[in-house]
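No lab work stands behind these numbers, since they all come straight from the coordinates. Predicted model only: the values in this text are computed from it and were never measured. Every residue, glycine as well, gets a Cβ built from its backbone with ideal geometry; the counts of neighbours run over all protein chains shown.
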Amino acid sequence: MREDTDWQPTEAEIAWTKDALEQIAEGGTWAPHGLEYERTGASSLRLVSMVHHAGTVEAHARICKVLEHLKWDIDDDSVERISHDVPPELQAQAQQAELERIQAIVSGWLCPNEECGKPLVDMPLEEVVWANEGLQAYINPETGEEGEATRWMAHITCDDCSQNIPMNPLDYGYIAGEDLFYTWRFNELSALRVLTREQTVDLIDNGGEGIALGSQFNEQEVPPHMQGTYCKLVSIDELTLGEEE
Ligand SMILES: [Zn+2]
């Protein structure tokens, strides 16, 4: 039930835990981060239940570290309940942390023109051009099998030095965010924006009409992440006005 962690607590964290522990009466419970402990003695705790989730396992490992510093005993061999229902707040926390991690990485990407070096996040990411680069040799990372797959690239242009920067679609998605990723500017004036299920229902209920995308639209190949989606036609003016709000 316990995993090793390289994490080391700070004095403040140790003091905070000590404080929390001292407020629990013997036989009382303490429930931080999807965990539930029972105070079984003057300086002993027992793990009663935990949520099966990487964040919770790590939280428990960290609490054990702090308890070591405080010279408390912890019994985590007799957990009564392991819940597989991850509470939504833990899921949201994990997603948020992952998003922040990725954003910290992508905010460090710079224009490949060394004399320029402008951060990609500051470029006009909405002016992306999707291009089918044709069939490329490809090795399935899971099976190791070789094959061919159509490769798409998202091309952005540096507005300082005009450098064209081809990006892998996923990387573009990270840097541009979901809204831009799912808004395809198929010409100078208009774009298709993917609707969520709720937005689709709203639109149809209000007598509106959207566009379901196949692999071709307006004599163009539809980028792969847009295929099979239901979209609303929007004008670029509408989009730019929306950004200024
Ligand atoms: Zn540049």
Quick check, is Ile14 surrounded by 15 or more Cβ atoms within 10 Å (Cβ to Cβ) and farther than 17 Å from Arg2 by Cα?
yes
Among the residues of the stretch 53-64, the number that are buried (at least 19 other Cβ atoms within 10 Å of the Cβ), assigned to a helix (DSSP H, G or I) and touching a helix residue (DSSP H, G or I) at 6+ places or on another chain (Cβ under 9 Å) is 2
Name the single residue that is farthest from Gln91 (Cα to Cα) among those in the stretch 4-55 being in contact with an Asp or Glu (Cβ under 6 Å, 6 or more places away or on another chain) and among the basic types (Lys, Arg).
Arg39
Checked against (1) over 25 Å from Pro87 (Cα atoms); (2) polar (S, T, N, Q); (3) buried (at least 18 other Cβ atoms within 10 Å of the Cβ), Ser44 satisfies every condition except (3)
